[in-house]
Amino acid sequence: MKFERRFTREGQGPYEGITWEQRVSEIRNPNGKLVFHMDAIVVPSSWSQIATDIIAQKYFRKAGVSAETENAWVAMVPAAQAALAAPSQKPGSEHDARQVFHRLAHTWCLWGDRAGYFDSDGDRRAFYDELCYMLAHQIAAPNSPQWFNTGLNAVYGIEGPPQGHYYVDPATDEVVKSESAYARPQPHACFILDIKDDLVNEGGIMDLVTREARLFKYGSGTGTNFSKIRAARENLSGGGVSSGLLSFLKIADRSAAAVKSGGTTRRAAKMVILDADHPDIEPFVTWKAEEEYKVACLSAGSAVLRRYADAMKQAVDGFGDGSGKAFSFAENGALRKAVKEALAAGIPSAWIHQVLSMYRQSGEIVDLPQYDTAWESEAYNTVSGQSSNNSVRVDNAFMKAVAEDGEWELKARTTGAVMKTIKARRLWDRIARSAWQCADPGLQYHSTVNEWHTCLADGEIKASNPCSEYMFLDDTACNLASLNLLSFYDADSGNFDDEGYRHAIRLWTTVLEISVVMAQFPSKEIARRSYDYRTLGLGYANLGSLMMVMGLAYDSDEGRAVAAALSAILTGEAYAQSARMAEAWGTFERYAPNAENMLRVVRNHRRAAYDAKSEEYEGLTITPAGLREWACPGNLVAAARESWDEALKLGQKHGYRNAQVTAIAPTGTIGLLMDCDTTGVEPDFALVKFKKLAGGGYFKIINSSVPPALGALGYDALSIDAILRYALGAGTLEGAPTLSLQSLREKGL
């Protein structure tokens, strides 16, 4: 396949014009305690210190980089672009961003070359240069497992014993067990795992815990629909009754909490999903809210216990003569009063006795920790449900029952018999209340999801990955990458570079496809199905910042139209590229039986791009909002329609290489790496934010999109400078000089 250059020129290398500099990365907690330190880090001078800290702490390989291989990247660039190249001050560790860029891009080129994805050496080199350029300029970034794993063997020769992974050998089309931990990386971030209603056999509950641990170890996340597991009080084959779903969810939760994801400080990520008709749905819905209440009790209770312990200690110390009479209730009225108040407050008498005995014997009161509500605190470590996002799977029938205040049946998993009938609105209210209390559970709309399912012939979609951007069949995986939308926008001219955006989409769709070729997977089933469907997840980040810089209200018709157009271009161009790849290398294995469904979905997407009438759509219960030309820059609408025209025309002729191509991920860590002020699709919620890192440390993040946003709204340079100086000191725009908040509110900003 031919790969064009847009950002680079042949013979100049990917880093033309970039100034590189050495920096120190130091991350501390608010109390000043040092969490991470690294010297002589080499990054582009345009990068913020936060982006520097992210690549240093999270993504630099810290062991196994030999002196012979650490400068392998130098051979790929002109001598002038290798400035500052020097051995790492910490032997075995990466320290230069160009090492990581090369590790990724070289490995993608290597596996793409092996699979015959390049027509010539020139195409391969153009592919390499364009990707390194985009990484260095923070235009795009793959998901974290790529940064963790890709290229450790291909570039540095790092080896390790097999960890129970599998892959499909393209020469034989057979599933093969991996013989190395690193020869094939685990680049996929998102997995959906099936589970059987079985305790210890393959595919069952305990086997799922093992498969999850294998994923978490290499930085990936997973989701599972647990609705097959029988509920509490359902009969077991041995004659007893089941202990219920939640007892097993708690086991898996503790396992996930014990694994350092990707071998770093990042926590494991998992999604737990339950159908709304499961008999254990009510305790599932309130599970995390109740655990949050326990944390509040632990925090408040430990403070109360400490207060009463101190009161009793003061009563003893205040008795004066230091004799044993100080501990006598008959002699020491102050102690008697303190104990009575503690008992009246519900303090256990056994605990009071222990405290007084300890103080009498040793003169000290020890081992009385004060708990707090920090998310990495001992209080949260004590309760369950903290390692997962929870979601309830609802269908149209449930929503109809809620709307009509109807009855809702909860059905046994083994027999299908109705175990309990409740009011649908009662369950709905519990979901809403729990989500208000602790942000869980979320909702997944089963009927709508499957109406847009490209492979419905092979079964329904029942689950998602941890953040719900990837929804597909069980035992499949998706690897992600995100494009920084703001990097395609010229604030001076007000133009969005739709051609550059589409070029980047084509390249990164190919990167994700190559990542399927090189990947290994945590089970035979996932290896087989991921290879057969080849699902991808290209997305974008920084939409909120783009809205600000364009001077558009996030919650406005114009803002929604721009977001819709950018999303349409993303998915349409990615499907068009998938069809081009299908022409060159064939469709995904299960395309033929699903061609009718997939083309129907593509046709519906194209209709939305053209804002078609509701009656023109095929098989949809809910009509999507179409792309409206009047509310959006014309070049974006034209680009979106052209992309979907190509996607349908090429797909009808060649089919598609991938069953899915796009997903808008949260882009938390990689968003910071790209210096995005906002994440995937969310608006910003504050001008100054503090992000607490897994493993310790804080970042203070100041939104850099405010100056161009004010410029887009018509403020002059002097006014912008005055507003900024005020906002940086006050942390708010409220009361800023020359700023009319009333006019901003009228614009919806």
Among (1) 1.06; (2) 1.01; (3) 0.96, which is the computed Rg/Rh (Cα atoms, Kirkwood Rh)? (2)
Cα long-axis angle, helix 634-654 against the chain (0 to 90 degrees, to the nearest 10): 80
In the range 572-669, the GluC sites (Glu not before Pro) that sit in a DSSP loop and have at most 14 other Cβ atoms within 10 Å of their own Cβ are GLU618
Using Cα-Cα distances under 8 Å and only pairs 6 or more residues apart, what relative contact order does the range 124-283 have, in percent? 18
Cα long-axis angle, helix 424-438 against the chain (0 to 90 degrees, to the nearest 10): 80
Sort TYR167, TYR656 from largest to smallest accessible area, using a 1.4 Å probe on the heavy atoms of the protein chains. TYR167, TYR656
Just by accessible area at a 1.4 angstrom probe, what is the order of TYR59, TYR531 from largest to smallest? TYR531, TYR59
Given the options GLY668, PRO369, ALA350, identify the residue whose Cα lies farthest towards the positive end of the charge dipole of the chain (+1 on Cβ of Lys, Arg; -1 on Cβ of Asp, Glu). ALA350
Do the sum for the chain: with -39,500 (n - 2.57) for every DSSP H run of n ≥ 4, divided by all residues, what is the mean residue ellipticity at 222 nm, to the nearest 500 deg cm²/dmol? -13000 deg cm²/dmol
Between the range 668-687 and the range 522-548, how far is it from one alpha carbon centroid to the other, in angstrom? 19
Does a label point 7 Å from the Cα of ALA258, set along Cα-to-beta-carbon, have any residues of the range 209-241 with amide nitrogen under 18 Å, and which are they? 209-219
Residues whose placed amide H lies under 5 Å from that of VAL168, excluding near-sequence neighbours: VAL176
Place a label point 7 angstrom from the Cα of GLU21 along the Cα-to-Cβ direction, then list the residues of the range 28-54 whose backbone nitrogen is under 17 Å away. 39-54
By the scheme Lys and Arg +1, Asp and Glu -1, what is the net charge of all other residues having a beta-carbon under 13 Å from that of ALA565? -3
Give me the percent relative contact order of the range 1-95, please, defined on Cα pairs under 8 angstrom at least 6 residues apart. 29
For the chain, what % of the accessible area comes from carbon and sulfur atoms, probe 1.4 Å? 51
Just going by the charge dipole of the range 152-244, with Lys and Arg at +1 and Asp and Glu at -1 on Cβ, which of VAL241, TYR167, ASN225 is farthest out on the positive end? VAL241
Per residue, what accessible area does the range 317-372 have, given a 1.4 Å probe and all protein chains present, in Å²? 65
Give me the distance in nm between label points sitting 7 Å out from Cα along the Cα-to-Cβ direction at GLU407 and GLN163, one decimal. 5.1
In this structure, the FRET efficiency calculated for ASP113 and ASP721 from their beta-carbon separation, with R0 = 56 Å, to the nearest 0.05, is 0.60
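Given a Förster distance of 45 angstrom, what is the FRET efficiency for ALA397 paired with SER357, based on the Cβ-Cβ distance and rounded to 0.05?
Efficiency for this residue pair is about 0.15.
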If each of ALA303 and GLU282 carries a label point 7 Å out from its Cα toward its Cβ, how far apart are those two points in nm? 3.4
Using a Förster radius of 51 Å, what is the FRET efficiency between ASP557 and GLU596 based on their Cβ-Cβ separation? Nearest 0.05, please. 0.90
Surface accessible to a 1.4 Å probe, GLU292 within the full protein complex, Å²: 60
How much accessible area does HIS353 have with a 1.4 Å probe, in Å² rounded to the nearest 10? 120
Shape verdict for the range 532-586, please, from the Cα gyration tensor: rounded (a/c under 1.5), prolate (a/b greater than b/c) or oblate. prolate
Dipole in debye (nearest 20) - the range 144-197, about Cα centre, beta carbon charges: Lys, Arg +1; Asp, Glu -1: 200
Subtracting the Cα-Cα distance of GLU499 and ALA86 from 0.36 nm times their residue separation yields 144.9 nm
Can you tell which of VAL35, SER48, ALA85 lies farthest toward the positive end of the dipole of the range 1-154, using +1 and -1 charges on the Cβ of basic and acidic side chains (Lys, Arg; Asp, Glu)? VAL35
Considering amide H positions built from the backbone, and no H for Pro or chain starts, which residues 5 or more places from VAL35, or on another chain, come under 5 Å of its amide H? ILE27, ARG28, ASN29
Leaving out ligands and nucleic acids, note down the accessible area per residue over the range 442-507 with a 1.4 angstrom probe, in whole Å². 30
Relative contact order of the chain, pairs being alpha-carbon contacts under 8 Å that are 6 or more residues apart, as %: 14
Accessible area in square angstrom per residue, the range 16-114, 1.4 angstrom probe: 42
In the range 65-170, the GluC sites (Glu not before Pro) that sit in a DSSP loop and have at most 14 other Cβ atoms within 10 Å of their own Cβ are GLU68, GLU159
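The values are calculated or read from the model by the stated rules, or taken from the named source; none is laboratory data. Computed from a prediction, not measured in an experiment: that's the story for all the values here. Here Cβ is always computed from backbone atoms with ideal geometry, including for glycine, and neighbour counts include all displayed protein chains. Note: accessible area is taken over every heavy atom of the protein model, side chains too, but ligands, DNA and RNA are not part of it. Shrake-Rupley method; radii C 1.70, N 1.55, O 1.52, S 1.80 Å.
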